[in-house]
Amino acid sequence: MKKTSLVIGIITLIAFVLIAAGCGSAGSGSASAGKPIASGPAGNNLTATLSNADGTLKKGNQEFTLTFTDASGKTVDVGSVALNYRMAAMGSMSEMNSGATFTTTGTPGVYKGKADIEMGGEWKAMITYEGPAGKGAFSIPVVAK
Ligand SMILES: [Cu+2]
């Protein structure tokens with residue numbers, strides 16, 4: 001009886017360790033699988049970095065990562081985030097906006113984003129967040145190729 005529950009306990013522990021390891025590698029993998037596109041101050045002594053596989057924002061549908069870090073480079077959970085890519089009006093072309101959708105990852109402070117960028121050129125990533133690190137609104141200039 002005692003031996004059986006010990007075995008079950010060990011099996012449960014091993015299962016938890018395996019699941020945790022799986023989540024950990026998936027989380028850090030997606031966080032480190034990126035090259036920085038651009039970064040900038042996010043307020044509250046934080047830095048925000050946009051990244052993706054090759055470090056270049058492109059025209060069209062794409063995925064990217066948004067990471068918030070403190071002065072020491074440690075990721076910081078900022079709660080809920082929102083991002084809108086905005087291109088200023090150019091001549092007869094009116095202002096363009098492309099909102100991103102985000103999902104959290106296994107690493108707090110690292111968010112996976114999806115956006116459809118209509119055209120190449122100069123955009124501003126307008127970012128807001130609200131949560132345990134405070135509230136912030138800032139923008140990072142980016143160029144889509
Ligand atoms: Cu445009």
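The numbers here are math on the coordinates, done by the rules we state, and not lab data. These numbers come from a predicted model, not from an experiment. Cβ placement follows ideal geometry from the backbone for every residue including glycine, while neighbour counts extend to all protein chains displayed.
Report yes if some residue within the stretch 117-124 is away from the ligand (no atom under 16 Å from the Cβ) and surrounded by fewer than 20 Cβ atoms within 10 Å (Cβ to Cβ); otherwise report no.
No, the conditions are met nowhere in the stretch 117-124.
Every residue in the stretch 97-134 that is part of a loop (DSSP other than H, G, I, E, B), touching a residue at least 60 places away in the same chain (Cβ under 8 Å) and either under 21 Å from residue 35 (Cβ atoms) or of a type in the set (Val, Ile, Thr) (or both), please.
Within the stretch 97-134, 105, 106, 107, 120 meet the criteria.
What residue, of 98, 80, is more than 15 Å from residue 40 (Cβ to Cβ), out of contact with any Cys (no Cβ under 6 Å at 6 or more places or on another chain) and more than 11 Å from the ligand (Cβ to nearest atom)?
Working: 98 fails: more than 11 Å from the ligand (Cβ to nearest atom).
Unique residue meeting the criteria: 80.
Name the residues in the stretch 46-57 that are crowded, with 17+ Cβ neighbours inside 10 Å and in contact (Cβ under 8 Å) with a residue 40 or more places away in the chain, would you?
Listed by number, the residues that qualify are 46, 48, 50, 57.
Of everything in the stretch 81-96, what is touching an Asp or Glu at 6+ places or on another chain (Cβ under 6 Å) and in contact (Cβ under 8 Å) with a residue 40 or more places away in the chain? Give them in sequence order.
Correct list: empty.
Among the numbered conditions (1) at positive phi; (2) surrounded by fewer than 16 Cβ atoms within 10 Å (Cβ to Cβ), tell me where residue 109 comes up short.
The single condition residue 109 does not satisfy is (2).
Filter the stretch 96-106 down to the residues that are among the polar types (S, T, N, Q) and over 15 Å from residue 65 (Cβ atoms), then identify the one that is surrounded by the most Cβ atoms within 10 Å (Cβ to Cβ).
98
Within the stretch 58-85, how many residues turn out to be surrounded by 13 or more Cβ atoms within 10 Å (Cβ to Cβ), among the small types (Gly, Ala, Ser) and assigned to a loop (DSSP other than H, G, I, E, B)?
Residues flagged as surrounded by 13 or more Cβ atoms within 10 Å (Cβ to Cβ), among the small types (Gly, Ala, Ser) and assigned to a loop (DSSP other than H, G, I, E, B) within the stretch 58-85 amount to 1.
The conditions are (1) over 15 Å from residue 144 (Cβ atoms); (2) within 16 Å of the ligand (Cβ to nearest atom); (3) among the hydroxyl-bearing types (Ser, Thr, Tyr); (4) touching a residue at least 12 places away in the same chain (Cβ under 8 Å), and residue 65 fails exactly one of them. Which is it?
With respect to (1) over 15 Å from residue 144 (Cβ atoms); (2) within 16 Å of the ligand (Cβ to nearest atom); (3) among the hydroxyl-bearing types (Ser, Thr, Tyr); (4) touching a residue at least 12 places away in the same chain (Cβ under 8 Å), residue 65 is out only on (2).
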